[in-house]
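Have a look at the structure below before the remarks.
Every number in this text was worked out from the coordinates using simple rules, so none of it is lab data. Since we're looking at a predicted model, the values are computed, not measured. Reconstructed Cβ throughout: ideal geometry from the backbone, glycine too, with neighbour counts over all protein chains shown.
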Amino acid sequence: MKLVMAVIKPFKLDEVREALTELGVQGLTATEVKGYGRQKGQTEIYRGAEYAVSFLPKVKVEVVIDDGQADSVVEAIYKAAKTGRIGDGKIFVVDVASAMRIRTGETGAEAL
Amino acid sequence: MFRVTTKTAVGIGAACAALLAAPPAMAAVEAETGYVFNTFSFLFSGALVMWMAAGFAMLESGLVRTKNTATICLKNIALYSIAGILYYLIGYNLMYVDVGGFMGSISFLYNPSDAEMALLGADEATDAMVAAVVDNSYSVASDWFFQMVFVATAASIVSGTVAERIKLWPFLVFVVVLTAIIYPIQGSWTWGGGWLSEMGFSDFAGSTIVHSVGGWAALTGAIILGARKGKYGPDGQVNPIPGANLPLATLGTFVLWLGWFGFNGGSQLALGSAADATWMAIVFTNTNLAAAGGVVAAMLMTQIMYKKVDLTMALNGAIAGLVSITAGPDLTNHLMSIIVGAIGGVLVVIAIPMLDKFKIDDVVGAISAHLVAGIWGTLAVGIFGGGDLMVQIIGIVAIGVFVVVTSSIVWLILKYTMGIRASEEDEDLGLDSAELGLEAYPEFGRGSQRA
């Protein structure tokens with residue numbers, strides 16, 4: 001099993017969710033986060049003082065799927081979340097050791 | 001120029017009449033009706049000014065961080081309550097009763113007059129009893145109430161500036177001294193009929209007497225307290241600390257604007273004649289126009305200076321406009337009040353970053369909006385309102401020196417006894433957690449991520 005973790009622009013969440021639903025992904029977790037990448041943030045002025053807004057609001061989306069689905073999930077998120085402008089985010093794939101559905105106690109692929 | 005000489009005489013006459021319990025100089029209605037309207041004006045206007053306490057609370061809680069929001073709310077409701085109690089216990093007498101040149105009487109409690117008690121207690125009210133009461137032009141308590149909400153306003157100016165790092169109880173002790181002693185004494189020099197008013201100092205609703213007083217006390221407090229941790233960097237760098245809730249700050253500003261109609265309008269001190277009613281309408285109009293001028297000027301200034309309009313500066317612009325017109329809202333050419341307010345708006349946008357240059361950390365811009373605009377508003381009376389510019393300057397300086405000296409003494413005594421500054425750890429954690437043990441927004445942010 002693989003955990004696909006994507007940091008995306010907040011307004012892209014619905015598009016990403018729809019794209020994943022179309023793939024048959026059954027569940028997803030979204031968290032509000034702040035972050036920056038290579039290009040850092042931007043400078044703003046508040047009451048006459050300049051400040052660098054390094055941490056911009058993002059959304060982190062996490063899905064756990066079968067190994068075989070990982071590539072298509074990454075592709076789907078990539079297509080849905082991309083705008084071509086800086087700050088689009090990143091997608092990571094991580095190995096998952098085990099999984100369990102709390103309600104029923106099912107483990108492994110049945111838990112997904 | 002824009003103030004007719006007879007109006008000056010009649011205005012001062014009406015003010016003195018209202019203050020010194022002589023028959024109203026402008027009564028064109030029956031005395032008892034005039035009494036009812038005058039009393040009503042004080043009560044209703046006072047209630048509007050009380051509502052400004054809510055405005056300050058909202059404005060301040062919108063401009064501090066989430067972790068300090070509950071504390072600022074508590075400070076606002078506490079200082080309003082303390083101001084009221086102290087002004088009843090000592091303050092009003094010190095400001096208005098048997099005023100010599102420099103202060104009133106040191107006596108305690110301020111209750112209904114003997115004439116009023118006789119009328120209220122009588123089984124059968126006689127004409128003589130009514131006349132004795134009505135002779136004062138307004139109910140004794142109504143004037144207390146109206147004046148009380150002004151001292152509360154002065155105190156609430158201080159709370160915004162020193163927010164996010166001042167300890168709660170030492171701050172409230174300062175409020176006790178400010179409302180019981182400092183404000184009443186300088187108030188006795190002016191509205192109480194003391195030496196400044198005898199010189200001809202003119203401050204209709206308190207640009208100096210209320211707003212600058214609050215502003216000076218805030219300034220000395222900010223200097224003696226020091227800036228928030230992390231606000232200023234080692235190379236003259238200024239680090240913005242954005243507020244938590246801009247809609248609340250906006251709502252607070254609108255509430256203050258509304259309350260100001262009572263603040264300035266009620267300061268006509270009478271509603272018992274056609275002339276009074278007309279003046280009050282003029283005052284309302286000027287008050288609104290000055291605020292509007294302040295907003296537009298601040299918006300244009302920030303657009304030009306920073307290429308973007310800063311909402312918080314626009315809000316400060318409204319306040320600065322209101323403070324600027326407060327000394328002389330009886331201009332009969334309303335265009336002048338737009339200009340007076342606009343200049344206030346320009347001044348506040350310049351003053352805010354300037355204070356930062358001096359490393360004076362004013363969380364909400366209160367010093368800029370109340371002290372700087374207050375000084376301007378008082379001077380404006382000498383420029384636009386037909387007052388004596390020299391006397392205005394004397395008043396500004398005298399009251400400024402008095403408040404700076406007395407408030408500094410109090411701040412320093414508090415600093416070296418109780419201590420006024422929250423510990424570094426408490427400041428990091430947030431005063432809500434450190435001093436109050438609760439969160440303003442427990443469902444949002446870090447709060448919701450804890451069990």
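Ratio of Rg to Rh for the range A:2-111, alpha carbon only, Kirkwood?
1.08
Would you mind ranking B:Glu124, B:Glu435, B:Glu198 by Cβ crowding within 10 Å, fewest neighbours first?
The fewest-first ordering by Cβ neighbours comes to B:Glu124, B:Glu198, B:Glu435.
Once Rh is set to the Kirkwood radius over Cα pairs, what Stokes-Einstein translational diffusion coefficient, in µm²/s, holds for the range B:52-102 at a temperature of 37 °C and a viscosity of 0.692 mPa s?
Estimated diffusion coefficient is 259 µm²/s.
Build a GNM of chain A with springs between Cα atoms under 10 Å: which of A:Glu50, A:Glu18, A:Glu62 gets the top mean-square fluctuation?
Ranking A:Glu50, A:Glu18, A:Glu62 by mean-square fluctuation puts A:Glu50 first.
Can you list the DSSP H helices in chain B whose Cα atoms extend at least 24 Å along the helix axis and whose mean Kyte-Doolittle hydropathy is 1.0 or higher?
Result, helices passing both filters: B:31-63, B:69-86, B:140-161, B:246-265, B:274-306, B:334-357, B:389-416.
From the P(r) of the range B:300-451, can you give the percent of Cα pairs sitting at distances over 22 Å?
Counting every Cα pair in the range B:300-451, those more than 22 Å apart make up 58 percent.
Under a no-solvent Debye model with one identical scatterer per Cα of the range A:1-61, what's log10 I(q)/I(0) at q = 0.13, 0.16 Å⁻¹?
For the range A:1-61 at q = 0.13, 0.16 Å⁻¹, log10 I(q)/I(0) is -0.47, -0.63.
Most mobile of A:Gly37, A:Gly87, A:Gly48 per a Gaussian network model of chain A (Cα springs, under 10 Å)?
Fluctuation is largest for A:Gly48.
Expressed as a whole number of Å, what is the distance separating the alpha-carbon centroids of the range B:423-437 and the range A:5-44?
34 Å
Looking at the range A:2-111, how many pairs of lysines come closer than 17 Å at the Cα, when each pair is eight or more places apart or spans two chains?
Step by step, the pairs that qualify in the range A:2-111 add up to 27.
Could you tell me which trypsin sites (Lys or Arg not before Pro) in the range A:38-69 are loop residues by DSSP with no more than 16 other beta carbons within 10 angstrom of their beta carbon?
A:Arg38, A:Lys40
I need the phi-derived Karplus couplings for the range B:364-369: 6.51 cos²θ - 1.76 cosθ + 1.60, θ = phi - 60°, integer Hz, Gly and Pro marked x.
For the range B:364-369, the Karplus-derived couplings read 10, x, 5, 5, 5, 6 Hz, x marking Gly and Pro.
Over the Cα atoms, compute the radius of gyration (one decimal) and Dmax (the largest Cα-Cα distance, rounded to a whole number) for the range B:289-357, in Å.
Calculated on Cα positions, Rg and Dmax stand at 11.6, 39 Å.
Of all the C-alpha pairs in the range B:369-408, what % are more than 16 Å from each other?
37 percent
Compute the semi-axes of the equivalent ellipsoid of the protein assembly as shown, taking the square root of 5 times each eigenvalue of the Cα gyration tensor, and list them largest first in whole Å.
Three semi-axes, in Å: 56, 25, 23.
Under a straight-distance cross-link criterion of Cα-Cα below 25 Å, which lysines are reachable from B:Lys415, leaving out those fewer than 8 residues away in the same chain?
Cross-link targets: B:Lys67, B:Lys75, B:Lys167, B:Lys229, B:Lys231, B:Lys357, B:Lys359.
Would you kindly give the portion of the calculated P(r) for the range B:135-249 that falls above 19 Å, as a percent of all Cα pairs?
58 percent
Taking 25 °C and 0.890 mPa s as the conditions, I'd like the Stokes-Einstein D for the range B:79-161 in µm²/s, using the Kirkwood hydrodynamic radius from alpha carbon pairs.
Translational D for this selection: 171 µm²/s.
With N denoting the number of residues in the range B:201-272, provide Rg(C-alpha) divided by 2.2 N^0.38 Å, to two decimal places.
In units of the globular-protein estimate, the range B:201-272 measures up at 1.59.
Rounded to the nearest 20 Debye, what is the dipole magnitude of the protein assembly as shown about its Cα centre when Lys and Arg each give +1 and Asp and Glu each give -1 at the C-beta?
It works out to roughly 2040 debye.
State the volume of the convex hull built on the alpha-carbon positions of the range B:187-227, expressed per residue in Å³ and rounded to an integer.
Spelled out: Cα convex hull of the range B:187-227, divided by residues, is 65 Å³.
As a test of the definition: which semi-axes, in Å, follow for chain B when you take the square root of five times each eigenvalue of its alpha carbon gyration tensor? Largest first, please.
The three semi-axes for chain B are 37, 25, 20 Å.
Gap in Å between the Cα centre of the range B:358-397 and the Cα centre of the range B:91-114?
One Cα centre to the other: 27 Å.
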